[in-house]
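Structure, as structure tokens:
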Amino acid sequence: MRKILLFYVVVIALVSAAQNPGVRPFDDEAIRDMLEGFAVMEDDNEDDPRQKGSLTVADYYRIMEEWCEESGGDKRRILDIAKEEIDRCAAYVKSTGQTPIANNAVRLLDLVAHSGDRFLLPFLEEKSLDPETYRLIRSAAAEVYVNIADVEESAEFMRKLYRDPSVQGSGRYFLNKKFLGRVGAEEKTLTPETKKSIAAFLLGIVQNVENSGEANDADRFLLDRIPEYANSRQRATLCRFANTGNAWVTNTYNPIKAHFDAIPPKQRIDLRKRFPDLPPLPGDAPARSPVKVAIAVVAGIVALAVCAVAAWLAVRRRRVRETPR
């Protein structure tokens, strides 16, 4: 349905502009009208044969860009106004608690994603990490960020998301899949430092994430790239998912548990020798800060000195008592 409506709206707009070039320039009002019209259109039905060959979302955005350029305008004005509309939808959801309009913001994010313009990255990061923004809008903004940013930027962005306890659920699960797809597609162009950094990030997911699906995606990615990972202490932490869920979880993680049950703990490889920035493993002794260690050492030395002085005084008193008078 959306594609049919897109075709209708665009054709009417373009014909009107051609017939009356001085009546309706492609100004802010025209941009806003087209964005608002797009935002309320129904979702596509790709299985409908009547929609095959119709305009796509990318086609719609390109038409807007061409119209803007032909009228002598700056096509980034489309993005500026789209950001304003997305902010307006997010503010409305926040103030009223009525979430259906969040779909309008998601559609606009889907539209501007086809610009590929890095100009959007700060806005997308802000929306993705804002705990006051509705989760559906946050997830869509994060997906567009990963689409537009390069892999190194996306990796740092993903670390920020995983440090944020308010980012959970299916949105992060699907975003993680998209990120890993980007990494896999561009892996040959990445520097060794970037590959190492991404591997460390994924090892952290394996160790700490609560979503078994996210852990599984990271596990499979690492198995294909780090041979020693298969028998590592880091991978052994996945045994926490064994016997905890549905048939898929059981079939996925019980074999991993059986694998590590056959490997004595002392023979498991600790990847912290290769990735020293990895978080502590479950069961590790709590890390002690250098300051606390220094205080403990000084306290130990003082205690020994006190004991030595006490012993010397005791010996001296005993000698005084034993001395004949």
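General observations
- Every condition in (1) at pLDDT below 95; (2) buried (at least 16 other Cβ atoms within 10 Å of the Cβ); (3) assigned to a helix (DSSP H, G or I) holds for F275 except the one numbered (3).
- One residue stands out among those in the range 91-108 that are more than 17 Å from G171 (Cα to Cα) and touching a residue at least 12 places away in the same chain (Cβ under 8 Å): the one that is surrounded by the fewest Cβ atoms within 10 Å (Cβ to Cβ), which is K94.
- Summed over the range 33-58, the residues that are at pLDDT 75 or above, surrounded by fewer than 15 Cβ atoms within 10 Å (Cβ to Cβ) and not in a loop (DSSP other than H, G, I, E, B) give a count of 3.
- Scanning the range 234-248 for residues that are of a type in the set (A, V, I, L, M, F, W, C) and in a helix (DSSP H, G or I), we see that the one that is most open to solvent (accessible area, probe 1.4 Å) is W248.
- Taking first residues from the range 109-122 that are in contact (Cβ under 8 Å) with a residue 40 or more places away in the chain and partners that are of a type in the set (S, T, N, Q) and open to solvent by 30 Å² or more (accessible area, probe 1.4 Å), the Cβ contacts under 9 Å between residues at least 6 apart in sequence or on separate chains come to H114/T56.
- Test: N251 is open to solvent by 30 Å² or more (accessible area, probe 1.4 Å) and at positive phi: no
- Positions within the range 170-186 being touching a residue at least 40 places away in the same chain (Cβ under 8 Å) and either in contact with a Cys (Cβ under 6 Å, 6 or more places away or on another chain) or open to solvent by less than 40 Å² (accessible area, probe 1.4 Å) (or both), in sequence order: R172, N176, L180
- Test: residue in the range 180-190 that is more than 21 Å from E153 (Cα to Cα) and acidic (D, E): no
- Some residue of the range 16-23 being surrounded by 14 or more Cβ atoms within 10 Å (Cβ to Cβ), of a type in the set (A, V, I, L, M) and at pLDDT 85 or above: no
- If you go through the range 187-208 and pick out every residue that is without any contact (Cβ under 8 Å) to a residue 24 or more places away in the chain and among the aliphatic types (A, V, I, L, M), you end up with 1.
- Residue identified as among the aliphatic types (A, V, I, L, M), touching a Cys at 6+ places or on another chain (Cβ under 8 Å) and either surrounded by fewer than 19 Cβ atoms within 10 Å (Cβ to Cβ) or part of a helix (DSSP H, G or I) (or both) among I198, I256: I256
- Scanning the range 216-233 for residues that are farther than 16 Å from K257 by Cβ, in a helix (DSSP H, G or I), of a type in the set (D, E, K, R) and within 25 Å of the chain's Cα centre (by Cα) returns D217, R220.
- Of the residues making up the range 62-90, those that are open to solvent by 40 Å² or more (accessible area, probe 1.4 Å) and part of a helix (DSSP H, G or I) number 11.
- The range 134-152 - residue that is within 11 Å of the chain's Cα centre (by Cα) and open to solvent by 40 Å² or more (accessible area, probe 1.4 Å) and, of those, nearest to V106 (Cα to Cα): S139
The values are calculated or read from the model by the stated rules, or taken from the named source; none is laboratory data. What you see is a predicted model, and the numbers here were worked out from it, not measured in a lab. Backbone-built Cβ (ideal geometry, glycine too); neighbour counts: all protein chains shown. All accessible areas refer to the heavy atoms of the entire protein, side chains included, with ligands and DNA or RNA removed. Shrake-Rupley method; radii C 1.70, N 1.55, O 1.52, S 1.80 Å.
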